[in-house]
1. Kindly indicate the residue of region 87-116 that is part of a loop (DSSP other than H, G, I, E, B), more than 24 Å from CYS162 (Cβ to Cβ) and among the charged types (D, E, K, R) and also modelled with the lowest pLDDT among those meeting that condition.
2. One residue is enough: does region 179-196 have a residue meeting the conditions under 30 Å from LYS39 (Cα atoms) and free of Cβ contacts under 8 Å to residues at least 24 places away in the same chain?
3. State all residues of region 229-254 that are among the charged types (D, E, K, R) and surrounded by 15 or more Cβ atoms within 10 Å (Cβ to Cβ); if no residue qualifies, say none.
4. From ASP46, ASP114, ASP99, grab the single residue that is open to solvent by 30 Å² or more (accessible area, probe 1.4 Å) and out of contact with any helix residue (DSSP H, G or I) (no Cβ under 8 Å at 6 or more places or on another chain).
5. If you take just the strands (runs of 3 or more DSSP E) that sit entirely in region 211-252, which of them hold at least 2 residues that are under 14 Å from PRO198 (Cα atoms)?
6. Between a first residue in region 148-164 that is under 20 Å from PRO38 (Cβ atoms) and a second residue that is open to solvent by 50 Å² or more (accessible area, probe 1.4 Å), which pairs have beta carbons less than 7 Å apart while being 6 or more apart in sequence or on different chains?
7. Quick one: which of ALA58, ALA41 is touching a helix residue (DSSP H, G or I) at 6+ places or on another chain (Cβ under 6 Å), crowded, with 20+ Cβ neighbours inside 10 Å and either among the small types (Gly, Ala, Ser) or closer than 26 Å to LYS258 by Cβ (or both)?
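The values are calculated or read from the model by the stated rules, or taken from the named source; none is laboratory data. Here the structure is a predicted model, which is why all the values come from computation and not from measurement. Counting neighbours? That spans all protein chains shown, and the Cβs are built from the backbone with ideal geometry, glycine included. Accessible surface is based on the protein model in full, side chains and every heavy atom, while ligands, DNA and RNA are left aside. Shrake-Rupley method; radii C 1.70, N 1.55, O 1.52, S 1.80 Å.
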Amino acid sequence: MELMCHCSTFLLPPETSSSSSSSVSLTYALVILNQNLPKFAPLLWDHAHTRVCADGGANRVYDEMPLFFPHQNPSHVRTRYKPDAIKGDMDSIRTEVLDFYANLGTKIIDESQDQDTTDLHKCVAYIRDLIPNTDKSELCILAVGALGGRFDHEIGNINVLCRFSNTRIILLSDDCLIQLLPKNYSHKIFIQSSVEGPHCGLVPIGMPSGSSTTTGLQWDLKDTEMRFGGLVSTSNIVKGDIVTVQSDSDLLWTISIKKL
């Protein structure tokens, strides 16, 4: 079975992450949804090659990015953190925010005719279309604002992980990250202990897991069955620098992010 490696070096400064021996070479894109920006939002922005706001996510960038730089002119901060595109049904973005970024050259994509997909889905599809087919295996989409707020929104965002299971997508909040571990790979996760952990979890998604096996956890799974209504591996703890996972079903991997 092919090995897929994972590493949260996007939570480290770019100069640190590029020198990390466990760094996985990926091209990052950033999606900003309509929730409070995490404290590390400017760091993710610096790692990303493409930045897309989902509708009201543009309000968050406009309002909250200057708060991370209280000694700088807010207008200069807003100009510096200009999204490449704003995409969605445009029912949340404020008019002055839309006009501000449009005047700076941000691409505005009105998808108000599409009410069957979420804003995150629309943004992921847009980013995937920008990337040549040969490069999609190296694409990793970081989505901030995907967790917290309404539970049905969170479930909709987790569903996007399943709908684009062949694309690396990581949902982020101030507290944790969530990503899909597809069943057709074995997985090796390099733990960045300075910024994440130790609390973690593995949850079957889409179907029960008849057999899941891990190494590197305080309570490792050994050919373990997991399902809702039975055992799921929540409130586990990473023990070292590497966690390995193999399962006969797709799993959600989540790990806490430290308060820096």
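1. Checked region 87-116; the qualifying residue modelled with the lowest pLDDT is ASP91.
2. There is no residue in region 179-196 that is under 30 Å from LYS39 (Cα atoms) and free of Cβ contacts under 8 Å to residues at least 24 places away in the same chain.
3. Selection gives LYS239, ASP248, ASP250.
4. ASP99
5. 233-237, 242-247
6. Final answer for the pair search is GLY148/GLN35; GLY149/GLN35; GLY156/THR118; ASN157/THR118; VAL160/THR118.
7. None of the other options fit; the residue is ALA58.
Table: residues versus (1) over 21 Å from ASN236 (Cβ atoms); (2) open to solvent by 10 Å² or more (accessible area, probe 1.4 Å); (3) not acidic (Asp, Glu).
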site: LYS136; (1), (2), (3): yes, yes, yes
site: LEU139; (1), (2), (3): yes, no, yes
site: ASN157; (1), (2), (3): yes, yes, yes
site: LYS188; (1), (2), (3): no, yes, yes
site: SER193; (1), (2), (3): no, yes, yes
